[in-house]
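Notes follow once the structure below has been shown.
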Amino acid sequence: MTSEASPGRREIAVVAFAQSDTLRSTAELSEVEMLMPVLHDVLAQTGLKTADIGFTCSGSCDYLAGRAFSFTLALDGVGAWPPISESHVETDGAWALYEAWTKLLSGDADTALVYSYGKSSPGSLRDVLTRQLDPYYVAPLWPDSVALAALQAQALIDAGDTDERELAAIGARSRTTDNPRAQLKGPVPQGDYLVRPLRRGDCPPIGDGAAAVILAAGERARELCERPAWIRGIDHRIEAHSLGVRDLTDSPSARLAAERAGAFERPVDTAELHAPFTSQEVVLRKALGLGDSTRINPSGGALAANPMMAAGLARIGEAAVRIHRGESDRALAHATSGPCLQQNLVAVLEGDPR
Amino acid sequence: MPDVLKAPLVVEFPFTRSLGPVQSAFLTGLRERVVLGVRTRDGRTLVPPVEYDPVTAEEIRDLVHVGATGTVTTWAWNHEPRRGQPLDTPFAWVLVRLDGADTALLHALDAPGPDAVRTGMRVRVRWAEERTGAITDIACFEPYDGDDSEVTFHAGEFADPVHGIVAQARLDYTYSPGRAQTAYINALAERRAVGERCPSCRKVYVPPRGACPTCGVATSEQVEVGPAGTVTTFCIVNIKAKNLDIEVPYVYAHIALDGADLALHGRIGGIPYDQVRMGLRVEPVWTEGGRYPDHYRPTGEPDADYETYKELL
């Protein structure tokens, strides 16, 4: 979908965003107990009740919980009785937001509640994520998420695109955030190599968390929010599964998604990038053509808090609240999934002119 | 708040996956110490091979015999190998472009340390002693000083080709049921059943999950329910489950415990299977030392009136 104005296309905006603290362990809470305060928060911001919501869409992953159909239990948090119009994506909630956006575009609903959550603490995340790899040639070797990101980082260093010092600076800048929900705030030691060339400080913290967004169309958005964050375009693209086919120093899928979302039509003042590893910010800055005039990840990004399945949706939410507060007029939000930025989603958000 | 329960949870599954013609040729080739790639129409050679061109999506079948030697295109030093990885001593993850290939294969490189590894270094396959037709037939790569290998066409035909792999997966979790279900499970061990009441609609849920599915709000007020209840509906199980020492046929039922607004499920015992009925009054039976009811048996009371449980079906 491009950002070219098509006749009769509905305007859709993010009107509210809420997220939980991201914590290393939340064993005392079931997933729905972790999620519910976030749902109540985002609904309270708009005054809507669950019964008022036209469409509900969620993102989560069974492999994190180790249970089949784990998302069905979380439905208790949105009052799924009597039956509601509902859908689920087995990935980051940013993709659930994409589905909700198309639902609103179609005119089938005027409001949508999008939420996502993940608890990484019950399992070993590095092992769990190997299960998303090619089962024939790659998964039997159990290459973990940090190892694959490290291969990408070394490729960048070999290409002269970055060095370990710059990577450390990206981690330090990301954690210099006043985001009260972040898991890591302030200076943390760069630490030892986890998988060389990536040190602990280059890697995201492992945490549990949830996020929720409310979308609304047209006048409904203006009723619910003083300065809606209008979604001017969203697109998502995927690259070949096999890492050895790809140029790991580039992200053509992120660039194409951004182009189709209209990101290159005018500069953005803010970018919320879902780059779990410092080296991936280098790739995305280059692919998206982001210069020094763009504030990157004022929220701290995934290096400050990376709740699986919620971190991408949180990037869209963080970009939106900066527009709500008047701190941004045009923002780019990005979400990723898969190893080494295999899948990328880009949304462009704007506030009304002031 | 009392400590929440925790228990190990192991999820293991041996996925049996079938192979297409190109994957079958590649993995059979590894068993025979032959590395095959596939050639695209524009002349590129993909290793590992795929059945469809990643650019054009065209079906591709032309197999090429590439070298067992190649060049490292990027690497990462793994000083703490994890379970399931190719080597249990420190090694480098590498992407290797085999001689004759245009793309790179992911595997492990056995090297003495990170100083012995660099992008552009020459490596060769170290074959596993026992090979079955899997990516792990390549034990790892090792440093190599020699020349490039010859590349030739290959029909990809072998005696006794492999047509499938078994992809073993095991993930270890520490499962916690959270606060509400912990309270429920702990109460069961004391031979009590506790539910939670919704502050909004006042319904009592058992087992409680900490949320009211109708109102979407947190529940926290504990309510003791049961111990007796009413069978609201049931089924007769005729297939014996693996690892379950229960004679078939037996009855599995929904049971509305007295005071609960949601039926839970359990096995009915102490009565012939063909005499179980809707409205039957039952009570839980704990076995010696059991932490939860083994089954429910008739209380001997008259059957409940349909009107009293019709909302709980």
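The values are calculated or read from the model by the stated rules, or taken from the named source; none is laboratory data. Since we're looking at a predicted model, the values are computed, not measured. Cβ atoms come from the backbone with ideal geometry, glycine included; neighbour counts cover every protein chain shown. Each accessible area value is taken on the protein alone, full model and side chains, heavy atoms only, with ligands, DNA and RNA left out. Shrake-Rupley method; radii C 1.70, N 1.55, O 1.52, S 1.80 Å.
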query: For the stretch B:51-59, does any single residue satisfy the condition of being open to solvent by 30 Å² or more (accessible area, probe 1.4 Å) and of a type in the set (A, V, I, L, M, F, W, C)?
result: yes
message: Whether any residue in the stretch A:205-227 is over 26 Å from A:Gly326 (Cα atoms), open to solvent by 30 Å² or more (accessible area, probe 1.4 Å) and part of a helix (DSSP H, G or I) is what I want to check.
response: no
task: Can you run down the residue pairs with Cβ atoms below 7 Å, 6 or more apart or on separate chains, where the first is in the stretch A:118-129 and within 8 Å of another protein chain (Cβ to nearest Cβ) and open to solvent by less than 10 Å² (accessible area, probe 1.4 Å) and the partner is of a type in the set (Gly, Ala, Ser) and not in a loop (DSSP other than H, G, I, E, B)?
output: none
task: Take B:Ala155 and decide whether it is surrounded by fewer than 16 Cβ atoms within 10 Å (Cβ to Cβ) and either under 24 Å from A:Trp142 (Cα atoms) or out of contact with any Pro (no Cβ under 8 Å at 6 or more places or on another chain) (or both).
output: yes
Restricting the stretch B:216-235 to residues that are in a loop (DSSP other than H, G, I, E, B) and open to solvent by less than 20 Å² (accessible area, probe 1.4 Å), the residue that is farthest from the other protein chains (Cβ to nearest Cβ): B:Ala228
- prompt: Considering A:Leu156, A:Leu151, A:Leu167, which residue is away from chain B (no Cβ under 13 Å) and modelled with pLDDT of 95 or more?
  reply: A:Leu167
- line: Restricted to the stretch A:239-273 and to residues being in a strand (DSSP E or B) and touching a helix residue (DSSP H, G or I) at 6+ places or on another chain (Cβ under 6 Å), the residue farthest from B:Ala104 (Cα to Cα) is A:Thr270
query: Out of curiosity, is A:Asn306 away from every other protein chain (no Cβ under 14 Å), more than 29 Å from A:Pro353 (Cα to Cα) and either at pLDDT below 95 or in contact with a strand residue (DSSP E or B) (Cβ under 9 Å, 6 or more places away or on another chain) (or both)?
result: yes
Among residues of the stretch B:182-215, those that are touching a Ser or Thr at 6+ places or on another chain (Cβ under 7 Å), open to solvent by 40 Å² or more (accessible area, probe 1.4 Å) and outside any loop (DSSP other than H, G, I, E, B), counted: 1
task: Scan the strands (runs of 3 or more DSSP E) fully inside the stretch B:5-88 and keep the ones with 3 or more residues being within 30 Å of B:Tyr173 (Cα to Cα).
output: B:7-18, B:69-78
query: How many residues are surrounded by fewer than 20 Cβ atoms within 10 Å (Cβ to Cβ) and either more than 17 Å from B:Ala134 (Cα to Cα) or of a type in the set (Ser, Thr, Tyr) (or both) when one looks only at the stretch A:132-156?
result: 2
task: Within the stretch B:109-121, track down each residue that is under 14 Å from B:Thr69 (Cα atoms) and within 10 Å of chain A (Cβ to nearest Cβ).
output: B:Gly120
message: Within the stretch B:19-42, does at least one residue satisfy the condition of being within 11 Å of chain A (Cβ to nearest Cβ), farther than 23 Å from B:Gln168 by Cα, charged (D, E, K, R) and without any contact (Cβ under 8 Å) to a residue 40 or more places away in the chain?
response: no
task: May I ask you to verify whether B:Leu244 is within 23 Å of B:Tyr309 (Cα to Cα) and at pLDDT below 95?
output: no
message: Looking at A:Ala109 and the list (1) over 17 Å from A:Val15 (Cα atoms); (2) in contact (Cβ under 8 Å) with a residue 24 or more places away in the chain; (3) touching a helix residue (DSSP H, G or I) at 6+ places or on another chain (Cβ under 9 Å), which single condition is not satisfied?
response: (1)
query: Which one is surrounded by the most Cβ atoms within 10 Å (Cβ to Cβ) among residues in the stretch A:190-201 that are out of contact with any Phe, Trp or Tyr (no Cβ under 6 Å at 6 or more places or on another chain) and of a type in the set (D, E, K, R)?
result: A:Arg200
query: For the stretch B:122-140, what are the residues that are more than 13 Å from chain A (Cβ to nearest Cβ) and part of a loop (DSSP other than H, G, I, E, B)?
result: B:Glu129, B:Glu130, B:Arg131
- request: Count, please, the residues in the stretch B:155-177 that happen to be of a type in the set (Phe, Trp, Tyr) and within 8 Å of chain A (Cβ to nearest Cβ).
  value: 2
query: Do you know which residues across the stretch A:109-143 are part of a loop (DSSP other than H, G, I, E, B) and aliphatic (A, V, I, L, M)?
result: A:Ala109, A:Leu133, A:Val138
message: Between B:Ala180, B:Ala92, B:Ala101, which is touching a Phe, Trp or Tyr at 6+ places or on another chain (Cβ under 6 Å) and within 9 Å of chain A (Cβ to nearest Cβ)?
response: B:Ala92
- prompt: Within the stretch B:288-303, can you find the residues that are in a loop (DSSP other than H, G, I, E, B) and under 18 Å from B:Tyr184 (Cα atoms)?
  reply: B:Gly289, B:Gly290, B:Arg291, B:Tyr292, B:Pro293, B:Asp294
message: Give me the residue from the stretch B:89-109 that is in a loop (DSSP other than H, G, I, E, B) and out of contact with any Leu (no Cβ under 6 Å at 6 or more places or on another chain) and, out of that set, surrounded by the most Cβ atoms within 10 Å (Cβ to Cβ).
response: B:Ala101
